[in-house]
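These notes concern the structure reproduced below.
The values are calculated or read from the model by the stated rules, or taken from the named source; none is laboratory data. For clarity, every value in this text was computed on a predicted model and none was experimentally measured. All Cβ positions, glycine included, derive from the backbone under ideal geometry; neighbour counts span all protein chains shown. All accessible areas refer to the heavy atoms of the entire protein, side chains included, with ligands and DNA or RNA removed. Shrake-Rupley method; radii C 1.70, N 1.55, O 1.52, S 1.80 Å.
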There are 2 protein chains.
Amino acid sequence: MRARRANSREKILAAAAAVAREAGPGSLSLEAVASRAGVSKGGLLYNFPTKAKLMQGLVENYLSDFQKALEARAAEAGHESVLSAYIKLSADDCEQPKPSASWMFSAIAEDPDFLTPIKAFKRQLFERLKEETDDLGSLLVCFLAIEGMRSMNLFDSDVLSESERQLLVATLLKIAG
Amino acid sequence: MRARRANSREKILAAAAAVAREAGPGSLSLEAVASRAGVSKGGLLYNFPTKAKLMQGLVENYLSDFQKALEARAAEAGHESVLSAYIKLSADDCEQPKPSASWMFSAIAEDPDFLTPIKAFKRQLFERLKEETDDLGSLLVCFLAIEGMRSMNLFDSDVLSESERQLLVATLLKIAG
DNA sequence: TTGACAAGACCGTCCAGCCGGTACAGTAAG
DNA sequence: CTTACTGTACCGGCTGGACGGTCTTGTCAA
């Protein structure tokens, strides 16, 4: 299990995300990822026997990172609700001009089912948010607005200006109470 | 311009959307589209000399359809605002369980720039909505929530139940005033 | 007959996955 | 200590197949 020089697995995952972000989701080939990770193609295939496994690894990595970040935010003092934590986390995520998850498009092209765990995660998160409020309408609006913000970031959409995004987040936090 | 049997161009566009929707965005090849459209590959390439042109046609077709539908809604009696029309139109669009625009993923994989006209269109729409209200915060929330709803539909996400979506739309219409 | 349009074989390119190698760490017998 | 063996981590050339785009050969309406 231990790697001799470094953890190739993580390097490869990071490289895959970088390639998709910088060269476009259509350019996410095994060779490109291997080269970017400073690993040979054979080495990549050793860690991820198949491209599907690589995609799966990307999804799992993304989800566990997200989970960790959300938990950290929610545990911070001064957060009255998980929803607020989610809003702030998403706002920070969308701060970055470059979409960090373009690899999702590659995954969808490969097989739409790769996103199933992400859908399940979102539903789970939604259920959790439902438990801490009695105003389902407001929650829905907030939840979907965040979804919209994330989606725009994913599509690298500069439809909203910086100040508009800030106003949006402020308004959402007010609604969230 | 006139076609001998039917309008091949539209048939091809529809076939492309159908292939992306049913076989997955990764399966949108020229041969698959041609076959689905009941046209030979040569015939397809006659109408769209290149795959890029086909994608472009898909985008333009989508945008003009959307524009027409929105204008029709906005012109209907009883609509007090374009925002309401946009909300209702989007609600109806998302009624269909199958995402009608999976081809967008193929376009992104081909070249993310294909979506530039869509971004421009959205910005334009947003500017238009801004002019009919003085509550920018509420508009942002509504606009992004719609974006989120559309995004979930696009990703074929069944995160929200039917009744939840209805409540969402009702709440949005209330916010929109 | 002609020319607009369609057919599909064909070519070059690209890529996922395979496979035969290499290097090295740990183990253990002599 | 040394030699032989084993399993892990990684390398990179190869191949078979798929796909985009070209080209030649039809075909049918006027």
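Between 0 and 90 degrees, the angle of helix A:136-154 with respect to the longest Cα principal axis of chain A falls at about 40 degrees.
May I ask for the Kirkwood hydrodynamic radius of the range A:1-49, worked out over all distinct Cα pairs and given in angstroms to one decimal? Show your work: numbers first, answer last.
Numbers: mean 1/r = 0.0935 Å⁻¹.
Computed over Cα pairs of the range A:1-49, the Kirkwood hydrodynamic radius comes out at 10.7 Å.
Taking every lysine pair in chain B that is 8 or more places apart or spans two chains, those with Cα atoms closer than 19 Å amount to 16.
Taking label positions 7 Å along the Cα-Cβ direction at both A:D156 and B:E80, the computed distance is 4.1 nm, reported to one decimal.
Just to check, using Stokes-Einstein with a Kirkwood Rh over alpha carbon pairs, what's the diffusion coefficient of the protein assembly as shown at 25 °C and 0.890 mPa s in µm²/s? For the chosen part, D equals 113 µm²/s.
Label zone (A:K98, point 7 Å along Cα-to-C-beta; backbone nitrogen cut-off 17 Å) within the range B:105-131: B:112-113. In this rough spin-label picture, where each label sits 7 Å from Cα along the Cβ direction, the B:L45-A:R123 distance is 4.5 nm. Using a simple spin-label model with pseudo-atoms 7 Å out from Cα toward Cβ, A:S35 and A:E132 lie 4.6 nm apart.
Dipole check for the range A:1-49: with +1 at the C-beta of Lys and Arg, -1 at the C-beta of Asp and Glu, and the Cα centre as origin, the magnitude is about 280 Debye. Placing unit charges on the Cβ atoms only, positive for Lys and Arg and negative for Asp and Glu, gives the range B:58-176 a dipole magnitude near 100 debye about its Cα centre. Along the axis of the charge dipole computed for chain A (Cβ charges of +1 for Lys and Arg, -1 for Asp and Glu, origin at the Cα centre), the listed residues A:N7, A:S64, A:L115 are led at the positive end by A:N7. If you build a Gaussian network model of chain A, linking Cα atoms that sit under 10 Å apart, which residue out of A:S84, A:S163, A:S35 swings the most? It is A:S163. For the range A:59-176, the relative contact order is 34 percent, taking Cα pairs closer than 8 Å that sit 6 or more residues apart in sequence and dividing their mean separation by the residue count.
In order along the range A:95-102, phi translates into HN-Hα couplings of 4, 4, x, 8, x, 8, 10, 4 Hz, rounded to whole numbers, per the Karplus curve 6.51 cos²θ - 1.76 cosθ + 1.60 with θ = phi - 60° and x for Gly and Pro. Within 10 Å of each candidate Cβ there may be at most 14 other Cβ atoms; applying that plus a DSSP loop requirement, which chymotrypsin sites (Phe, Trp or Tyr not before Pro) in the range B:82-149 survive? Here no chymotrypsin sites (Phe, Trp or Tyr not before Pro) fit, given the DSSP loop and packing criteria. Largest GNM mean-square fluctuation across B:S161, B:S138, B:S102, computed for chain B with C-alpha springs under 10 Å, falls on B:S161.
As a test of reading the structure, rank B:K130, A:K98 by solvent-accessible area (1.4 Å probe, protein chains only), most first.
Values: B:K130 65, A:K98 115 Å².
Greatest to least solvent exposure: A:K98, B:K130.
Largest GNM mean-square fluctuation across A:R128, A:R150, A:R73, computed for chain A with C-alpha springs under 10 Å, falls on A:R128.
How high is the relative contact order of the range B:1-49, in percent, counting Cα pairs under 8 Å that sit 6 or more residues apart? Each step should come with its number before you reach the end.
On the way: 35 pairs, mean separation 16.5, N = 49.
Reported as a whole number, the value is 34 percent.
Each copy carries a label point for B:R123 at 7 Å from Cα along the beta-carbon vector; from one copy to the others these points are 3.8 nm apart, nearest first.
Kirkwood hydrodynamic radius, the range A:21-177, all distinct C-alpha pairs: what's the number in Å? Don't skip to the answer; put the middle values down first.
Details: mean 1/r = 0.0579 Å⁻¹.
Final number for the Kirkwood radius of the range A:21-177 is 17.3 Å.
About its Cα centre, how strong a charge dipole does the range A:1-120 have in debye, to the nearest 20, once Lys and Arg get +1 and Asp and Glu get -1 at the Cβ? Show your work: numbers first, answer last.
Working: 15 positive and 14 negative charges, 138 e Å.
Around 660 debye, computed over the range A:1-120.
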